[in-house]
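Below is one structure, written out as structure tokens, with a few remarks after it.
The values are calculated or read from the model by the stated rules, or taken from the named source; none is laboratory data. Please read these numbers as outputs of a predicted model, since none were measured by experiment. A quick note on method: Cβ atoms are made from the backbone with ideal geometry, for glycine too, and the neighbour counts reach across all protein chains shown.
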Amino acid sequence: MSEPQRVRLVLPHRPHVELEAGHAVESLGLQAGFSHDTLAEVRLAVVEACLNALEYGGGDVEVEVAAHADESPWLEVRIVDHGPGFDPAAVPRPQLRAKLRADRKRGWGLELMRRLMDEVEISSRPGRTQVRMVRRQRGG
């Protein structure tokens, strides 16, 4: 098993900074052999996680992307903020009809992460929330 390639970023609270994490995922993912379609899904999940961390974390967000280019390549992404924390189990799953009628079309981030990634682990307490996501290369 080879050492993974890693990129570490600290995202300051400014407009569109979450896209930098998406670019890091794409760059390392291509080097590890992921398809563009798969990377588009991973980018979306990572951007959503970064947006949540930036909105609720109250400061800089730390991002680490690791590309494991083994026989079965996989990507691991960790996003950390230092905000008040939250209970992931208490976040309701979005209901399409209700969201379409609502003035604010938000609340899809966690659901998107769960559907687009193979693993999503969230640990949160006051002062530190970490989202760890994994996506494996699937099929030929």
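Brief remarks on what is shown
- Criterion (in contact with a helix residue (DSSP H, G or I) (Cβ under 8 Å, 6 or more places away or on another chain), in a strand (DSSP E or B), hydrophobic (A, V, I, L, M, F, W, C) and within 18 Å of VAL131 (Cα to Cα)) met by exactly one of VAL25, VAL42, VAL65, VAL46: VAL65
- Any hit, region 80-92, residues being buried (at least 18 other Cβ atoms within 10 Å of the Cβ), closer than 26 Å to GLY127 by Cα and at pLDDT 95 or above: yes
- Of the listed requirements (1) surrounded by 12 or more Cβ atoms within 10 Å (Cβ to Cβ); (2) at pLDDT 90 or above, GLY127 misses just one: (1).
- Scanning region 2-59 for residues being over 20 Å from ASP70 (Cβ atoms) and of a type in the set (Phe, Trp, Tyr) gives a total of 1.
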